[in-house]
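The values are calculated or read from the model by the stated rules, or taken from the named source; none is laboratory data. As the structure is a computational prediction, the values presented were derived from the model and not from experiment. Note: ideal-geometry Cβ built from the backbone for every residue, glycine included; neighbour counts use all protein chains shown.
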Amino acid sequence: MSTGTAVAGDLDGLREHVVGARLAGSVATSPRSTVGNCVRLVEGRERYTFGLSDHRTATVREAVDAVRALCGGDPGGTDDPDGDGWIDPEATLAAIALHRDRLAGLVAAGGGRVLLATGHPTGLLPHYAALARRLQASGSTLLAPLDDRFVHSDEHGRSRRLRFLDGVACVTDGGALLHSHRSRYMEAMLDELGGGPGDVDLVVGDHGMAGAAIERGLHTLSIADVNDPALPLAQARGRTDAVLPIDDNLAPRLFIPVTAGVLGLAE
């Protein structure tokens, strides 16, 4: 079965799933969280800029507008700022199809040098790992710079390292995988590889892992929750065109149909 046929044949089922699972449509992230993170982004707080420089010239209004353009709804104009947020399911489905097509194009071209990384290992690691396996089987080279290497110590002196699991870079303290918004890990990996386009054909990731790659001008497939405004802002400014809006930290089993859609697999 062709990729396009497989996905088109189950489009209604995928739409029903993402809405029912609250991956898109009405989502748990509140408008207050989204607007608050837009403020923190414009203030230049490291955990919210994702390594992107756009915040230096952005306004809060521009950041909120960028989220609205990507996700739909209006987080700044709701009557219930502590209620559910909104991600347009059609925007989610369109981005899933775009990720599918970009990966299919890479495979059709004979593969490439791909770097996959996540700051959300408890939610997205299985998704990226499935993509990594398919890409590797199709001829792509999975890059693993700084694998199991120290990157920095946090503000409390705790060691932070990178470790690749199933081809996907994750942040670890040596005993546990860690949630991270910071861009320094991807920046360190790209520096190790040489620094920019030509060293990496494609980055797949989220949070600062994606933002740092976009900042370097790399082709990037990214995932962003509705309260991750740095990536929508970068897309609104034309720096990337492949941000997938979706709740990024639900149970991994709920993401399985999304992974199948990106890979072009029938359920």
If you go through segment 130-141 one residue at a time, how many are touching a helix residue (DSSP H, G or I) at 6+ places or on another chain (Cβ under 9 Å) and crowded, with 18+ Cβ neighbours inside 10 Å? 4
Hey, among Arg160, Arg133, which residue is part of a helix (DSSP H, G or I), without any contact (Cβ under 8 Å) to a residue 60 or more places away in the chain and of a type in the set (Lys, Arg)? Arg133
Any chance Ser222 is part of a loop (DSSP other than H, G, I, E, B), buried (at least 18 other Cβ atoms within 10 Å of the Cβ) and polar (S, T, N, Q): no
Taking segment 48-100 and keeping residues among the basic types (Lys, Arg) and surrounded by fewer than 18 Cβ atoms within 10 Å (Cβ to Cβ) leaves Arg56, Arg61
Residue list for segment 165-219, filter: without any contact (Cβ under 8 Å) to a residue 60 or more places away in the chain, of a type in the set (Val, Ile, Thr) and surrounded by 22 or more Cβ atoms within 10 Å (Cβ to Cβ): Val168, Val171
Pairs needed: first member in segment 104-126, modelled with pLDDT of 95 or more; second member anywhere, assigned to a helix (DSSP H, G or I) and aromatic (Phe, Trp, Tyr); C-beta distance under 6 Å; at least 6 residues apart or different chains. Leu116/Tyr128; Thr118/Tyr128
